[in-house]
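For reference, the structure is listed below as structure tokens.
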Amino acid sequence: MAYRLRVAEVIAETAEAHSLVLAVPPELSATFSYLPGQYLTVLVPHGSGSVARSYSLSSSPHTDTNPKITIKRVRDGQASNWLCDHVQAGDELELLPPAGEFTPGSLDDDLLLLAGGSGITPVMAIIKSVLAHGHGRLALVYANRDESSIIFAGELAELGRRHGDRLRVTHWLDHERGAPDPGALAAVVTPWAGLMAYICGPEPFVAIAREALQEAGVPHDRVRVERFAFEQVRTADATLEVELDGQTHRLAWPTGTRMLDVVIEAGLNPPFSCRQGHCGACACRLLSGEVEMINNEILEEEDFAEGYVLACQSVARSEHVSVTYY
């Protein structure tokens, strides 16, 4: 279900990135409570319908009064450019409640954080939360083209000054070092190879960061990933038909919601475990329609050939989707 929230403030972070601070009325405070690292899905008007785009919360529930999402322009992106060009303080946006599993298990854990470009947004929420409400030590490696493209540059510098004993920030700037490559990045992160690692950014950066962590000796099961992979989900709600436990169920699939959440919220009991696209426990077979997977760490080409998808990562790309768990 979508809700309308007023934009309290628009902040120009860089020439390409804006933050939108949202005013949440008291009656929706529980609905929009969130964990550091989660995201909000915004429904942006487009033609007779809307496009849905998920933006990470860069605010911290432990330090910020109002939730804040940060949006970086995507070339030819319908949603990001509309939001950056048209939204002003006082406007209302239609949003889905917070979601996402890119959250630390404890704010007392020591963490290695790798961010590329706008991938800093959920990472910033984690940093602020750990420093304000936990005891963990943090190492951040943040990749950008140049100084002018560093989102939250001033805020990161200030946090470094105030928490120098707990926060180490390393900026990787392409114009100084060239684009990141696995070997060079591995050399940077090796001192923190024993920590739980969190990666967020565009797909090319994520791939390089994962390889760098592997070279540095970080085990696969100690890496968490959040990808910024696509601009558009679909223009309207869909219908999901699911075969499970000997019965066929026809469910409304709200815009921007992942398939697994739709099935669980309907009171059904589908198989699942990690909810991150790592384990394959939620795999089901696509019978008809189209979906797009946000993340996939387990399925291979032969699985796709047989029609398998991960329910925890699938969003609808067609009006009707049918799957089976048999």
> So which residues in the stretch 246-287 are farther than 28 Å from ASP221 by Cβ and not in a loop (DSSP other than H, G, I, E, B)?
Replying inline: GLN247, THR248, HIS249, ARG250, LEU251, ALA252, TRP253, GLU265, LEU287
> Which of the following residues is modelled with pLDDT of 95 or more, within 28 Å of LEU43 (Cα to Cα) and among the small types (Gly, Ala, Ser): ALA153, ALA115, ALA132, ALA143?
Replying inline: ALA115
>> Pairs please, first residue from the stretch 208-229 and over 17 Å from PRO191 (Cβ atoms) and surrounded by 16 or more Cβ atoms within 10 Å (Cβ to Cβ), second anywhere and modelled with pLDDT under 95 and basic (Lys, Arg), Cβ atoms under 9 Å, 6+ apart in sequence or on different chains.
In response: VAL225/ARG210; PHE228/LYS72
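The rows are residues; the columns are (1) crowded, with 21+ Cβ neighbours inside 10 Å; (2) not in a helix (DSSP H, G or I).
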position: LEU114; (1), (2): yes, yes
position: PRO122; (1), (2): yes, no
position: ALA132; (1), (2): no, no
position: GLU158; (1), (2): no, no
position: ARG161; (1), (2): no, no
position: ALA184; (1), (2): no, no
position: GLY194; (1), (2): no, yes
> How many of the residues in the stretch 223-251 are modelled with pLDDT of 95 or more and aliphatic (A, V, I, L, M)?
Replying inline: 4
>> Can you pull out every residue in the stretch 252-288 that is in contact with a Ser or Thr (Cβ under 6 Å, 6 or more places away or on another chain) and over 16 Å from HIS320 (Cα atoms)?
In response: CYS279, ALA281
>> Here's a check for you: in the stretch 71-111, which residue that is in a loop (DSSP other than H, G, I, E, B) and in contact with an Asp or Glu (Cβ under 7 Å, 6 or more places away or on another chain) is nearest to TYR34 (Cα to Cα)?
In response: PHE102
>> Given the condition at pLDDT 95 or above, surrounded by fewer than 22 Cβ atoms within 10 Å (Cβ to Cβ), out of contact with any Asp or Glu (no Cβ under 6 Å at 6 or more places or on another chain) and not assigned by TED's automatic domain parsing to the domain that holds ARG210, answer yes or no: does some residue in the stretch 52-60 qualify?
In response: no
> Somewhere in the stretch 250-259, is a residue of a type outside the set (Gly, Ala, Ser), more than 17 Å from THR41 (Cβ to Cβ) and crowded, with 19+ Cβ neighbours inside 10 Å?
Replying inline: no
> Residues GLU319, GLU300, GLU290, GLU243: which one is free of Cβ contacts under 8 Å to residues at least 24 places away in the same chain and over 21 Å from the mean Cα position of the chain (by Cα)?
Replying inline: GLU300
>> Just to check your reading of the model, which residue among GLY178, GLY154 is surrounded by fewer than 14 Cβ atoms within 10 Å (Cβ to Cβ) and either in contact with a Ser or Thr (Cβ under 9 Å, 6 or more places away or on another chain) or within 23 Å of THR70 (Cα to Cα) (or both)?
In response: GLY154
> From the residues in the stretch 288-301 that are among the hydrophobic types (A, V, I, L, M, F, W, C) and outside any loop (DSSP other than H, G, I, E, B), which one is modelled with the highest pLDDT?
Replying inline: VAL291
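The values are calculated or read from the model by the stated rules, or taken from the named source; none is laboratory data. Predicted, not measured: the structure shown is a model, and the values here were computed from it. With ideal geometry, Cβ positions are generated from the backbone for all residues, glycine too; neighbour counts draw on all protein chains shown.
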